[in-house]
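The values are calculated or read from the model by the stated rules, or taken from the named source; none is laboratory data. This one's a predicted model, so the numbers in the text were calculated from it and none came from an experiment. Neighbour counts are summed over all protein chains in view; Cβ atoms, including those assigned to glycine, are modelled from backbone coordinates with ideal geometry. Just so you know, the surface numbers come from the protein's heavy atoms only, side chains and all, with ligands and any DNA or RNA stripped out. Shrake-Rupley method; radii C 1.70, N 1.55, O 1.52, S 1.80 Å.
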Amino acid sequence: MRFVISREALIKPLQLVAGVVERRQTLPVLSNILLVAEGDQLSLTGTDLEVELVGRVTLDEPAEAGSITVPARKLMDICKSLPDEARIELALSGQKMIIKAGRSRFSLSTLPAAEFPNVEDGPETLDLSITQNQLRKLIDKTGFSMAQQDVRYYLNGMLLEIANGQLRSVSTDGHRLATCVSDVEVDSSVQHQIIVPRKGILELARLLQQGEETLRLVVGATHIRAHVGDFIFTSKLVDGKFPDYQRVIPRNGDKVMLGDRQELRQVFSRIAILSNEKYRGVRLSLSDGYLQVMANNPEQEEAEETVAVDYQGDALEIGFNVNYLLDVLSIISSDVVRFTVSDPNSSALVQSFDDDGSVYVVMPMRM
């Protein structure tokens, strides 16, 4: 096995594929990436048994065919350290991969390609096309509220739901919920729900570019596969039942406040400085035309600020985790944000004023 490739052509797919590889592995071969050279094509594969990413690169000249696995981090660090215009020659010599560039020479240990695991395939149940921009928006607008290492393992990921000719993303950690919807070209009678694990969502997001290029999503019983440009991404699905998110979205809020998103974000950030470091609670007091934001902490320190908002209605006082409010305000893109609440014990519904298909629910806190 031998091939020659420019540093530029190798570095991007190598970084993406190596990103899937976990640093601490039970199986030594999982620290490696699989290199397969055939004709003028080189493929690179990384996996942690849950997520797999295959990248393809066209070589300037035909390779001596072969396949081998090499340490992902070391290969990436070597390539990063070489000059921008470097041409890199990789050749297998016995059990070692010899890497030459200019006057540099490296010798890497290898493991046989036969030891490299494949993510098992199942029968396909659904195939749809979506633009990179659409899928990126669905992930960006909702990914922040996925749970991390929750015992309710089905929350450590994102629900993708296909229904009524739309693809919807939903995530929740039990304290807040985010959902966003986008029209896709799929039969309106098709209804399907899958849960993609957190790591799968994060790795898929790294692949997506800004643009209207379409990608293909193939959904199976146990896997989702995305064909994105020169990459094929595969992730196992979470085997579990996602909560009924429709029941969580409050429908009967009668108190509506409109405010300037950036101004509210700055006010919450300032008041948060003196909130309880553990619970991060702030108290919101609504009255005609004004919102007062207050916080205090165990050291008896206090902060308060009043901001003008568009609100007419009964006075209301309600507490929230300020981090959850700031997360939503940083992800909404419109200048004006709409808060809808009904009483101090009910969740708040937060939306952008121009209704971009995303909806956020934040549970209140007892203060």
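Among the residues making up the stretch 270-305, those that are open to solvent by 30 Å² or more (accessible area, probe 1.4 Å), free of Cβ contacts under 8 Å to residues at least 24 places away in the same chain, at negative phi and outside any strand (DSSP E or B) are N276, E277, K278, P298, E299.
Taking the stretch 52-106, which residues are among the hydroxyl-bearing types (S, T, Y) and touching a strand residue (DSSP E or B) at 6+ places or on another chain (Cβ under 7 Å)? I'd like the intermediate steps shown before the answer.
Filtering the stretch 52-106 down to residues among the hydroxyl-bearing types (S, T, Y) leaves 58, 67, 69, 81, 93, 104.
Result: T58, S67, T69.
Candidates R56, R73: the one that is modelled with pLDDT of 95 or more, under 16 Å from R7 (Cα atoms) and in a helix (DSSP H, G or I) is R73. Just one of (1) open to solvent by less than 10 Å² (accessible area, probe 1.4 Å); (2) touching a residue at least 60 places away in the same chain (Cβ under 8 Å); (3) closer than 18 Å to E50 by Cβ fails for V196. It is (2).
What residue, among those in the stretch 94-122 that are hydroxyl-bearing (S, T, Y) and under 27 Å from D48 (Cα atoms), is surrounded by the most Cβ atoms within 10 Å (Cβ to Cβ)?
As a first pass, look at the stretch 94-122 and keep what is hydroxyl-bearing (S, T, Y): 104, 107, 109-110.
This time we only want the ones that are under 27 Å from D48 (Cα atoms), so: 107, 109-110.
Numbers: S107: 11, S109: 13, T110: 18.
Per the stated criteria, the residue is T110.
Kindly indicate whether any position in the stretch 89-102 is at pLDDT 95 or above and under 26 Å from the mean Cα position of the chain (by Cα). So far as the stretch 89-102 goes, no, none of its residues is at pLDDT 95 or above and under 26 Å from the mean Cα position of the chain (by Cα). Yes or no: V256 part of a loop (DSSP other than H, G, I, E, B) and either in contact (Cβ under 8 Å) with a residue 40 or more places away in the chain or open to solvent by less than 60 Å² (accessible area, probe 1.4 Å) (or both)? No, not satisfied.
Against the conditions (1) crowded, with 21+ Cβ neighbours inside 10 Å; (2) farther than 30 Å from T222 by Cβ; (3) among the β-branched types (V, I, T), V20 satisfies every one except (2). Within the stretch 126-162, the set of residues being charged (D, E, K, R), farther than 18 Å from I232 by Cα and more than 10 Å from the chain's Cα centre (by Cα) comprises K137, D150, R152, E161. Looking across the stretch 1-17, the residues that are open to solvent by less than 70 Å² (accessible area, probe 1.4 Å) and either touching a Pro at 6+ places or on another chain (Cβ under 9 Å) or not in a helix (DSSP H, G or I) (or both) come down to M1, F3, V4, I5, S6, R7. List every residue pair whose Cβ atoms lie under 7 Å apart, where the two residues are 6 or more positions apart in sequence or sit on different chains, the first residue falls within the stretch 81-95 and is within 11 Å of E8 (Cβ to Cβ), and the second residue, located anywhere, is open to solvent by 70 Å² or more (accessible area, probe 1.4 Å). From the stretch 81-95, the pairs are A86/G102. Evaluation of L27 against the conditions (1) closer than 26 Å to P197 by Cβ; (2) open to solvent by less than 80 Å² (accessible area, probe 1.4 Å) shows that the sole unmet condition is (2).
Close Cβ contacts (under 6 Å, 6 or more residues apart or on different chains) running from residues in the stretch 158-182 that are over 20 Å from L202 (Cβ atoms) and open to solvent by less than 10 Å² (accessible area, probe 1.4 Å) to residues that are among the aliphatic types (A, V, I, L, M) and in a strand (DSSP E or B) are absent.
Among the conditions (1) crowded, with 20+ Cβ neighbours inside 10 Å; (2) within 27 Å of the chain's Cα centre (by Cα), the only one that D48 does not satisfy is (1).
Counting only residues that are within 21 Å of L329 (Cα to Cα), open to solvent by 20 Å² or more (accessible area, probe 1.4 Å) and either of a type in the set (G, A, S) or touching a helix residue (DSSP H, G or I) at 6+ places or on another chain (Cβ under 9 Å) (or both), the stretch 126-140 holds 2 of them.
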